[in-house]
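Only one structure is covered here, and it is reproduced in the block below.
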Amino acid sequence: MGRGGSSYSTHQLPTQQTHPPAQPRVILALQAEPKDAPVSPRIAFLASTVEAAQQARSTLAARYGDHSPEEADVICPLGGDGFMLQTLHRHGSKGKPVFGMKLGTVGFLMNHYRDDDLLQRLALAEPAHLRPLEMIALTESGTTTGSLAYNDVSMLRQTRQAAHIGIDLNGQQRVEELICDGVLVSTPAGSTAYNYSAHGPILPLGSNTIALTPLAPYRPRRWRGAILKAETEVRFRVLDPYKRPVSVTADSHETRDVVEVTIRESRERQVTLLFDPEHNLEERMLSEQFMV
């Protein structure tokens, strides 16, 4: 998946009110009985800066109408996975289902682009529910920053010096000292991205798990990461932050010179992505594991 995102600075992540799933409203509107007056969902078309995406937005808006994300029943981003992540960060709190179409370089979270049968595709679309990670980072200067991550949260050394990182799970020390380039925590949806390239596991959607994966580990020699329950609180401690500085990135939001990072799955925020039945996200993740 591509990378994109937003951030906020706070000592505590803001509480997001859970919205009831909006997807059934779209389905019911599109599957109305013939005797009922036809009802079309209100769609918000959002496009990346790519010219093809901008042209597609104009075509779709002329055919199906266009609404603001606040007024829409469904949000339709046009672009690649990076733009999809930006859309989730900006509008995920609105509780609207998201049906993306690929008009970018990477589109693991997107459907194929077609402009002639969108209403039927929305009626038949299958939902995938995703929860982001919440990250709180403490820096050398004493400031605290917080971010959400739909893909992953990754720690990475800032200089030629290897990072020395301690790892605690639910307050219990599990790795006293990891010598590495870095380490990451990934959601199931993000497990096919950076996590997979670092030889981490692909996690099934709905498995209620997260992946803990080291990046170029030197010691412990035989430790290659872990699959954790989604409710696990992960804490990274930078053991020598002045000599061996480390940054943390939540999707695309980077914080440098961190000394401690705490990560957990969000209990309040959930987004719903819609996919064509013949190419849903669960099938894509399964197929990814058999690619040669």
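The values are calculated or read from the model by the stated rules, or taken from the named source; none is laboratory data. Note that this is a predicted model, so its numbers are computed, not measured. Quick reminder, even Gly has a Cβ in these numbers, built from the backbone with ideal geometry, and neighbours come from all protein chains shown. The protein model used for the area step is the full one, side chains on, heavy atoms only, and it has no ligands, DNA or RNA in it. Shrake-Rupley method; radii C 1.70, N 1.55, O 1.52, S 1.80 Å.
Could you tell me whether the stretch 234-256 includes any residue that is part of a loop (DSSP other than H, G, I, E, B) and over 17 Å from L156 (Cα atoms)? It would help to see each step written out before you state the result.
Of all residues in the stretch 234-256, those part of a loop (DSSP other than H, G, I, E, B) come to 239-245, 251-252, 256.
Pick out the ones that are also over 17 Å from L156 (Cα atoms) and you get none.
Within the stretch 234-256 (the criterion being part of a loop (DSSP other than H, G, I, E, B) and over 17 Å from L156 (Cα atoms)), the answer is no, since none of the residues qualifies.
Could you check E176 against (1) in a strand (DSSP E or B); (2) open to solvent by 70 Å² or more (accessible area, probe 1.4 Å); (3) touching a residue at least 12 places away in the same chain (Cβ under 8 Å) and say which number it fails?
(3)
Is it the case that some residue within the stretch 236-245 is surrounded by 19 or more Cβ atoms within 10 Å (Cβ to Cβ), closer than 26 Å to L109 by Cα, in contact (Cβ under 8 Å) with a residue 60 or more places away in the chain and not charged (D, E, K, R)?
No, there is no match, as no residue in the stretch 236-245 is surrounded by 19 or more Cβ atoms within 10 Å (Cβ to Cβ), closer than 26 Å to L109 by Cα, in contact (Cβ under 8 Å) with a residue 60 or more places away in the chain and not charged (D, E, K, R).
Looking at (1) among the basic types (K, R); (2) assigned to a loop (DSSP other than H, G, I, E, B); (3) out of contact with any strand residue (DSSP E or B) (no Cβ under 8 Å at 6 or more places or on another chain), find the lone condition where R90 falls short.
(2)
Given the criterion surrounded by fewer than 18 Cβ atoms within 10 Å (Cβ to Cβ), closer than 24 Å to L88 by Cβ and at pLDDT 95 or above, identify the matching residue among I227, I202. Step through it out loud before you land on a result.
Working: I202 fails: at pLDDT 95 or above.
Testing whether each residue is surrounded by fewer than 18 Cβ atoms within 10 Å (Cβ to Cβ), closer than 24 Å to L88 by Cβ and at pLDDT 95 or above leaves just I227.
Which residues, taken from the stretch 131-170, are more than 26 Å from Y242 (Cα to Cα) and in contact with a helix residue (DSSP H, G or I) (Cβ under 8 Å, 6 or more places away or on another chain)?
Passing the criteria: P132, L148, Y150, N151.
Among the candidates A72, A62, A53, A47, which residue alone is hydrophobic (A, V, I, L, M, F, W, C), modelled with pLDDT of 95 or more and surrounded by fewer than 21 Cβ atoms within 10 Å (Cβ to Cβ)? Don't jump to the end; show me each part of the working.
Numbers: A72 fails: surrounded by fewer than 21 Cβ atoms within 10 Å (Cβ to Cβ); A53 fails: surrounded by fewer than 21 Cβ atoms within 10 Å (Cβ to Cβ); A47 fails: surrounded by fewer than 21 Cβ atoms within 10 Å (Cβ to Cβ).
Residue meeting the stated conditions: A62.
Within the set of pairs 6+ apart or on separate chains, which have a first residue in the stretch 188-202 that is farther than 15 Å from A230 by Cβ, a second that is open to solvent by less than 10 Å² (accessible area, probe 1.4 Å) and assigned to a loop (DSSP other than H, G, I, E, B), and C-beta atoms under 6 Å apart?
From residues that are farther than 15 Å from A230 by Cβ, the pairs are A193/N151; I202/S191.
Only residues that are in contact (Cβ under 8 Å) with a residue 60 or more places away in the chain, surrounded by fewer than 20 Cβ atoms within 10 Å (Cβ to Cβ) and either polar (S, T, N, Q) or over 24 Å from A216 (Cβ atoms) (or both): list them for the stretch 137-158, please. If you could, list the steps in order and put the result at the bottom.
Within the stretch 137-158, the first condition is being in contact (Cβ under 8 Å) with a residue 60 or more places away in the chain, and the residues that meet it are 137-141, 143-158.
Checking the rest, the ones that are also surrounded by fewer than 20 Cβ atoms within 10 Å (Cβ to Cβ) come to 138-141, 143-144, 156, 158.
Within the stretch 137-158, L138, T139, S141, T143, T144, Q158 meet the criteria.
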